[in-house]
């Protein structure tokens, strides 16, 4: 679901195998290498391509016949490969449009009716389907409004500040924003919060169209009529079924009234292509758009806001319930059947869903087939392996969330880790996840060979990071400012840091609601799926031509995740390195403290500039130039509780890691079981029952999706976001709550260390 | 001549007049205020508008009838206002095209003939002229070539590195670059240095067209057919007449053969509008242009380089001599007639030249008229005031350079300072110049009231800087990273730093060849002249509609420069504060030392990445990905001589400033004359006879235009550029030479201090 365009990996591992500690490695390394080679040999890219072609042959969104058929076909495959398989069904609210309209009724080229249609591509048969969902974003608010149009750039908070500076209000108006700059769902939400009557989202060719590459079918980029569907449910409040927050959407679940579901938008919203958008934007008058607002349409971008350009926007949806089909397949563990390694990828797409999500789904299928064959040949995984194919990820992480909420108690008792993938493509290895698994991820990626270069995918990721940093561009994500990343880029003896998980795929509920450590794997950055993201054109022909010709990297994903799963299933000691987690949290605390300073300085500076009249003096008096609203002056926070908690976490982590390295191998079988029982639920200590301010479903005090970033992670979110949003009381309060969570975590770590020390 | 688009001021002054030292201020402050009010009262914006309309009524480039007529008309005015006036004539090589062609002969929309024509605008009468110069850039190389086309972005050194990475050579090809990113003249020069057969420069709408504003006549921006003329003479070697470097182009001057004039380009080059460019760029195949290469034409930018798109480029010029008409007007000083305050603005334009240069020229005329009236009313300036209206600035700073070279000995003996202006517009005060005059510039700008806001132009500049820094955008020029700028932005008791002068207008020869301290003044940043820069459309209607309606800021320029000139003419003690110069040079040394470290680190990092194969690993193997050529490893430099020289300069400056403040007012008349005779030529100590490496005409060891920036200043250029360009021997050598120049400067300062101390 998450667009990977422009997102780049930070991942690699220690090059010298001597650094690998012994405790992660029974079966012995030689046995493991042979076993993994055998696993690889059954991964067949051509077969994966055939699966992909079939799964992506028809629209497979939630509620479509092909969605169900795909689930049933996959379930049959899992069964045939020897997995204990079932389809779990949930009933969720899932709106789809019955009728919709978007028209320019005054100004510029009015009257003009937006096409709202993606033309079929001659030679690409599936694009001639009659069953594709129309232009729409799920969980918009239905409505029928006619109002002046305002252009709000990416529709992010800073864009509204820029509009205010120009004296432009969006109240009662229809806001048009472009994709990019933040998660889609925030665009209509922020428009609504600013009083808009409706919202339109379009793909500007600068970010997603002819400026980025030749357009499909000549190249991979978005053609003028291509639009991006997607969810605009307010998932930063809670994901999953909008009517059953916190519980599984089973037949008998207690459900909210639709009107009480706060994550449904109140205003209508539609996505359009840049062909249609150009007509709307050309009609705008009002102030010249600031430089950062300008895309690459051949027009002078203006922000509008007056009565010149008026738009009629209408959406009416069918708000009925639809079934979800989660495929759940299990290989039971031979020694610890109640230790679950859960791995998932979703199977629903917005239309054909070839790159997103089926490229990752066929990797999961290939893993399952190969593991099934290995079990038939005698392999007995020690822990239970649960393979899930989720439905309904696209609208709101529905399938994974409802399953996780339904099985919450069991998952909290048995879950070891959740491993996720989603859309995949040719390119560089990337992984994000729980930082205690950073070294493990490094080890796995050190043992997977990149087919294009012949080195490990970890070495390639490190080379890319090093070159990116040398060339000043970094390697995305701002990791280049992280001292650990800097050090690791050029020192192959160091693990490459992994990023934190925000949201945008199915790990969210496991990590952030249940406290189950999670890792998300993928490849990308060379093959380009961005241009057809969530459009009709994300199909087999596009994926096999532009994204992963030969399915080489889809197969590589299977080899990568398969290794991770098998090693976790067979490890008889924890693979975690808690010092990595502690060091990372320490970095987060440094960031948050710096943020507190910056936020305080910003308010002070603003007050000085306001009182001296500098904002007025600095502006062009012939243009609207409204001084900003005064910021409240931030207090100084007492970070001592958090500083103490982080210091304790570092000490406890070091003690555990040291004890595990020196004593782990010598543990008796009962001691190992005892250790496992302490370590397995350890990350649940990061949860706090209060949850985050205003969004209690999110209980993880270290990792969350940002309230106003959506996909992007916010770490130490209770504190960080309160500082950012100037909720001073919350900031002070969550310094304490977060410290308590970390202290609880350290206490659990100490218990584990005591087991290692013979306790 | 220099485009001010995007260039912003750093200037302001101390708010508290108590900080103003007494020595700058006989006549007493009250007298001065009255005198300056009287001066202001004669500045009539409406009259300036009438002058502008007439001067800009017909094309007035070098050699045109209206150029000569304008000179004669201005000379008559100066005379009528009581100035001793003459026209000095020089004979210079000045090519203009006889015939030219640009055609796409293969690929895309071929055959296509570029229009090379700027259409007249109905309602804007002067644009119907038949006498405008065609599309051309002066001192290109003439030729007739047909070759494949390559797109090289801005055509700057880093763009060639990017092309090399893609495996694209421009050898034997025609390079198309867009305007921006560096001085125009470097684009064909660098193409030539890389072996290209021809060059084309176009204005991309992202930088200069519909993306920036509505196009003329609806708005101020460049229309599709508008092209930017300009000089491509290799002025960073030497400006002025290409045949008479270092000497005045008088009738009898010894002249080079044209073939020996190294500053004339060897390959043909033409400028075009984006209407024509779109057809050429659309025809390109080859690798996708990197993100930084993409403009906002509605196309997929590719770099070409193959045989698909071929272009025929032909230019044939008339290489005859043309006359220059410099108007030189003098008000003789009553007490120190051999102390000259020289002030200039050029009068030649590329077509009508309304904004560039005539908006500045009419300010100079208004100053001259008002000063003339004041002389008639009894004012007797103590020093001689020389007002110059230069011809031929546009092609190569011809008029100012030939006059300065002709009168070099006299200028070195008599020159106190050179004050320049050029095109002007509505907006913010800016000044750059010799840093000993920083405090003086601050004092002047503190006493000029901004008509839009009612505060001093210095206060407004400070407010703009402060807001720019608070909003993270800075205020241009990178000054926001300068600690002095940071401190001054929010502290009204501090002087705002002024920028260093590079080139791009007539101060160059005075400052960099003769060692005469110089200051360049102007307003801009609100009115927008960038869109018609050097095109047919820079005319009266455009200037009066979009750039400076009511000529308010053109009048303000007259009030500003007039104050500076009159104060300098009447000051009986030096206005310089040498500590400002010393502090600034100290900052430059810090920058250069940091640069040396960075340059060394870059080479080390590159070597490591090359040896590990990281460049290859980091790239997409399906695309061209050539590892960079290895950089030579930089040595560690011994900066001690420069460090010692800067320390000495600081000490000598502090001693002088202190002595002047405490003892200046008490000097006897003969002592003041003695002091004046030491201080006046002091900046000539910055000159070294060796000149800069490879461009000996530039003798100033502190200020120079960059060899590969053209307009942009390079300070401590002998050292800085040698480090940047990895000329290690030059760097070491110029550390010594620059230290010698600074030491000589300090020695002169010490002499002046001795005079103050009764010596």
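The values are calculated or read from the model by the stated rules, or taken from the named source; none is laboratory data. Being a predicted model, the structure only gives us computed values, none of them experimental. Using ideal geometry, Cβ is built from the backbone for each residue, glycine included, and neighbour counts are taken over all protein chains shown.
At a glance:
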item	result
Residues satisfying the stated conditions in the range A:217-235, i.e. in a loop (DSSP other than H, G, I, E, B) and within 21 Å of residue A:136 (Cβ to Cβ)	A:222, A:223, A:224, A:225, A:226, A:227, A:228, A:229, A:232, A:233, A:234, A:235
Residue match in the range A:469-477 (condition: in contact (Cβ under 8 Å) with a residue 40 or more places away in the chain and farther than 28 Å from residue A:45 by Cβ)	yes
Positions within the range B:252-279 being touching a strand residue (DSSP E or B) at 6+ places or on another chain (Cβ under 9 Å) and closer than 21 Å to residue B:316 by Cβ, in sequence order	B:258, B:261, B:264, B:265, B:266, B:267, B:268, B:269, B:270, B:271, B:272, B:276
Candidates A:606, A:576, filtered to the one that is within 14 Å of chain B (Cβ to nearest Cβ), more than 30 Å from residue B:620 (Cα to Cα) and modelled with pLDDT of 95 or more	A:606
Failed criterion for residue B:196 (all others in (1) in a loop (DSSP other than H, G, I, E, B); (2) within 25 Å of the chain's Cα centre (by Cα); (3) surrounded by 24 or more Cβ atoms within 10 Å (Cβ to Cβ) hold)	(2)
Among (1) away from chain B (no Cβ under 14 Å); (2) closer than 24 Å to residue A:49 by Cβ; (3) out of contact with any helix residue (DSSP H, G or I) (no Cβ under 9 Å at 6 or more places or on another chain), the one test that residue A:454 misses	(1)
Which listed residue, of A:645, A:659, is surrounded by fewer than 19 Cβ atoms within 10 Å (Cβ to Cβ) and over 27 Å from the mean Cα position of the chain (by Cα)	A:659
Members of the range B:273-304 found to be away from chain A (no Cβ under 13 Å) and touching a helix residue (DSSP H, G or I) at 6+ places or on another chain (Cβ under 8 Å), listed by number	B:303
Considering residues of the range B:614-650 that are more than 14 Å from chain A (Cβ to nearest Cβ) and free of Cβ contacts under 8 Å to residues at least 24 places away in the same chain only, the residue farthest from residue B:734 (Cα to Cα)	B:647
Among (1) part of a loop (DSSP other than H, G, I, E, B); (2) not assigned by TED's automatic domain parsing to the domain that holds residue A:500 - the single one residue A:572 does not satisfy	(2)
Matching option when the condition is touching a residue at least 60 places away in the same chain (Cβ under 8 Å), within 27 Å of residue A:339 (Cα to Cα), away from chain B (no Cβ under 13 Å) and surrounded by 24 or more Cβ atoms within 10 Å (Cβ to Cβ), among A:511, A:496	A:511
Members of the range A:134-159 that are in a loop (DSSP other than H, G, I, E, B) and within 23 Å of the chain's Cα centre (by Cα)	A:135, A:136, A:139, A:140, A:153, A:154, A:155, A:156
Looking only at the range A:523-569, and only at residues there that are modelled with pLDDT under 95 and part of a helix (DSSP H, G or I), the one that is nearest to residue B:616 (Cα to Cα)	A:530
Given (1) crowded, with 18+ Cβ neighbours inside 10 Å; (2) in contact with a helix residue (DSSP H, G or I) (Cβ under 7 Å, 6 or more places away or on another chain), number of the condition residue A:717 does not satisfy	(2)
Looking only at the range B:202-216, and only at residues there that are part of a loop (DSSP other than H, G, I, E, B) and more than 7 Å from chain A (Cβ to nearest Cβ), the one that is surrounded by the most Cβ atoms within 10 Å (Cβ to Cβ)	B:203
Test: residue in the range A:602-614 that is in a helix (DSSP H, G or I), touching a strand residue (DSSP E or B) at 6+ places or on another chain (Cβ under 6 Å) and either buried (at least 23 other Cβ atoms within 10 Å of the Cβ) or in the same structural domain as residue A:723 (by TED's automatic domain parsing) (or both)	no
Among the candidates B:105, B:92, residue that is closer than 19 Å to residue B:325 by Cα, modelled with pLDDT of 95 or more and either assigned to a strand (DSSP E or B) or not assigned by TED's automatic domain parsing to the domain that holds residue B:314 (or both)	B:92
Residue satisfying condition, being free of Cβ contacts under 8 Å to residues at least 12 places away in the same chain and out of contact with any strand residue (DSSP E or B) (no Cβ under 6 Å at 6 or more places or on another chain), within set A:487, A:466	A:487
Residue count, the range B:247-273 (criterion: surrounded by 22 or more Cβ atoms within 10 Å (Cβ to Cβ) and more than 22 Å from residue B:144 (Cα to Cα))	1
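Matching residues to (1) surrounded by fewer than 24 Cβ atoms within 10 Å (Cβ to Cβ); (2) at negative phi; (3) not in a helix (DSSP H, G or I):
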{"position": "A:729", "(1), (2), (3)": "yes, yes, no"}
{"position": "A:735", "(1), (2), (3)": "no, yes, no"}
{"position": "A:745", "(1), (2), (3)": "no, yes, no"}
{"position": "A:758", "(1), (2), (3)": "yes, no, yes"}
